[in-house]
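Nothing in this text is a laboratory measurement; each read-out follows from the coordinates by a stated rule. Everything numeric in this text was worked out from a predicted model, so none of it was measured. Virtual Cβ from ideal backbone geometry, glycine too; neighbours counted across all protein chains shown.
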Amino acid sequence: MRTIIIDVPKSGVSISLALASGRTSGQVVLVLGEDVELVPTSVTDIGSSPTQARPFEEFQSKTGFPPRRLTEQTIVQILREHGGVVKIRDTDSGWNIYDEIAARIGVTVEARRRLTEGTGEPAWRPEVGFCRKNLEQGGKLQPTEVSGRGVWALKI
């Protein structure tokens, strides 16, 4: 997964996407600011003429967060960018992986602060925790017993 930032001028921007050779499917997630509008004009397959535009799907799970698969992919991307290991909080800079993930996939501050019904705690951190646990159980992350408390590490 790669993060690409595109500055959008007032006149707008057109984006064309193509799959890598041998790929049969792909996924693109756009995180839009409140002042950016996504307006489909047409969908064009390479080698054919434009077809009727299909509506864009905005997604959120029942919890109001993006799908866990996207959160999991973002966790792996962040770990790769940090050499495979990251402390979940850096007290010197104030950085933490929870806010980093949220910023990259567009989880609003309001959504991050939303409280769970059962415990009354903010729901975002346990949501990320579920994703982290899924990655561990899937063999992509080291268990806490190996990486250490407060450290997330890719399995090598």
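Along segment 76-84 the Karplus relation, 6.51 cos²θ - 1.76 cosθ + 1.60 evaluated at θ = phi - 60°, assigns HN-Hα couplings of 4, 4, 4, 4, 4, 5, 9, x, x Hz to successive residues, with x for each Gly and Pro.
Working out 0.36 nm times the residue gap between SER11 and ASN134, then minus their Cα-Cα distance, what length gain in nm do you get to one decimal? Before the final figure, lay out the partial values.
Working: separation 123, 0.36 × 123 = 44.28 nm, distance 4.22 nm.
That works out to 40.1 nm of additional length.
How much length is gained if the chain between ARG149 and LEU115 is pulled fully straight, taking 0.36 nm per residue apart and subtracting their Cα-Cα distance, in nm to one decimal? Stretched out fully, the ARG149 to LEU115 stretch lengthens by 9.8 nm.
Using a cut-off of 11 Å between beta-carbons, work out the net charge of the residues near HIS82 (Lys and Arg +1, Asp and Glu -1, HIS82 not included).
Local net charge: -1.
What shape does segment 68-153 have by the C-alpha gyration tensor, where a ≥ b ≥ c are the square roots of the eigenvalues, rounded means a/c under 1.5, and otherwise prolate means a/b greater than b/c and oblate the rest?
On the way: a/c = 1.56, a/b = 1.36, b/c = 1.15.
It is prolate, given that a/c is not under 1.5 and a/b is the larger ratio.
May I ask for the net charge around TRP124, where only other residues with Cβ less than 10 Å from the Cβ of TRP124 are counted and Lys, Arg are +1 while Asp, Glu are -1? Residues close to TRP124 contribute a combined charge of +1.
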